[in-house]
Amino acid sequence: MKIVYVVDDDEIVRALIHSALSARGDAHIYLFASGNAFVDMLDGLEEGVLLLDIHMPGLSGIDVLEHLATSDRSLRTVVMTAKAEIPLAVRAMKLGAADFIEKPFTMDDLTALIDGAFDELRDLRDETAPRDEARARIDRLSQREREVLARLVTGLSNKEIAVDLDLSPRTVEIHRANVMSKIEADSLAAAIRTALAADTEEFA
């Protein structure tokens, strides 16, 4: 089930959006009457689409976006602005908003933007999944095993790695076998692919 967060201090707007989205039956909808209330709950929020009003008492929509910029929440934000506030909308997009919509808007237009934001979330998830999986496998390695893998990626042989790390060739063989097992690689090529997929400076 999709998740939509609505942050707007106007109770009528919140109610209208909730009614329109509930009728579709494909999303859980969470309503927040202020930016402060939303930010207070930020750490526990799941991936979803955020509908965010720009003008609110307390934390504004811009303030909320600045908080989001320092968090690791997987949210796609659609900013709701008043007419003729393009500069604010541009600023919001520079802070990470995916799109904006001007009030008053139709629910058809709003739901189209929401659907687009969910498509972007899916595409982003598909793009980062291989990297995240590779990093999770690399995290299983000890520091020494990571050092061995990093040198395998550069094309060094076991003997060369042994000299570089001041280890015996037999010790390098053991570390290499552990690397292969822990990252579930059945060949050196697979191990190198995993290291490169992790996309870190360590294996660049």
Listed residues VAL153, VAL172; which is aliphatic (A, V, I, L, M) and either under 30 Å from LEU50 (Cα atoms) or modelled with pLDDT of 95 or more (or both)?
-> VAL172
Taking the range 119-156 on its own, how many of its residues are outside any helix (DSSP H, G or I) and on the phi < 0 side of the Ramachandran plot?
-> 6
Can you find even one residue in the range 78-87 that is more than 18 Å from GLY116 (Cα to Cα), in a helix (DSSP H, G or I) and either of a type in the set (Asp, Glu) or in contact (Cβ under 8 Å) with a residue 12 or more places away in the chain (or both)?
-> no
Take the range 51-73 and flag every residue that is closer than 18 Å to ASP99 by Cβ, open to solvent by 60 Å² or more (accessible area, probe 1.4 Å) and either aromatic (Phe, Trp, Tyr) or part of a loop (DSSP other than H, G, I, E, B) (or both).
-> HIS55, ARG73
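Kindly indicate the residue of the range 11-50 that is assigned to a loop (DSSP other than H, G, I, E, B) and at pLDDT 95 or above and also least open to solvent (accessible area, probe 1.4 Å) among those meeting that condition. Step through it out loud before you land on a result.
To start, the set of residues in the range 11-50 that are assigned to a loop (DSSP other than H, G, I, E, B) comprises 25-26, 33-34, 41, 45-47.
Then drop every residue that is not at pLDDT 95 or above, which leaves 33-34.
Numbers: ALA33: 54, SER34: 30 Å².
Selected residue: SER34.
The values are calculated or read from the model by the stated rules, or taken from the named source; none is laboratory data. Here the structure is a predicted model, which is why all the values come from computation and not from measurement. Counting neighbours? That spans all protein chains shown, and the Cβs are built from the backbone with ideal geometry, glycine included. SASA here: full protein model, heavy atoms, side chains in, ligands and nucleic acids out. Shrake-Rupley method; radii C 1.70, N 1.55, O 1.52, S 1.80 Å.
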